[in-house]
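The values are calculated or read from the model by the stated rules, or taken from the named source; none is laboratory data. Note that this is a predicted model, so its numbers are computed, not measured. Surface areas here come from the heavy atoms of the whole protein model, side chains and all, with no ligands, DNA or RNA. Shrake-Rupley method; radii C 1.70, N 1.55, O 1.52, S 1.80 Å.
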Amino acid sequence: MDFQILPNWFKKLGLALFFIASILTAGDSFMDGWNNVPMDTHHYFKDFYGKTLFHILYILPTLGLLIYMLSKERTEDDFIKLLRLEAYQITVISFLAIAFIFYIIKPETNFSLDWFLSLFMLLFLLVFYIKKQANS
């Protein structure tokens, strides 16, 4: 998997973008819990930011993870590329199995694309980290 096009310092940028945007988009749910009202009944931050800007904020955590994934490691060699490929294969097979099981158990289950992509990238990064730690 030779598709790391961003230098290493983009990892910090991707993580910062992910965490900041995640905190900003979790604001409405947090405020509903804080005020002890049912989930998604008030739109404090959506009204504050505006609907278009709030929609863009929901895309930013996924974009931050993508930037992190496409950034090079400090020492990028063939072994790291092999670990990336193995982690990608494990993640794809895992997600296909999970989707198949969900479809068998409850066919009417729908997932939003941003939720699915974020979980996919988080699982990839987790598998890559575990494989990297196990082999170093």
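Side notes on the structure shown:
- Over 30 Å between alpha carbons, listed pairs Lys106/Lys132; Lys51/Lys81; Lys12/Lys51; Lys12/Lys131; Lys51/Lys72: Lys106/Lys132; Lys51/Lys81; Lys51/Lys72
- Per-residue SASA entry for Lys72, accessible area with 1.4 Å probe, Å² rounded to 10: 90 Å²
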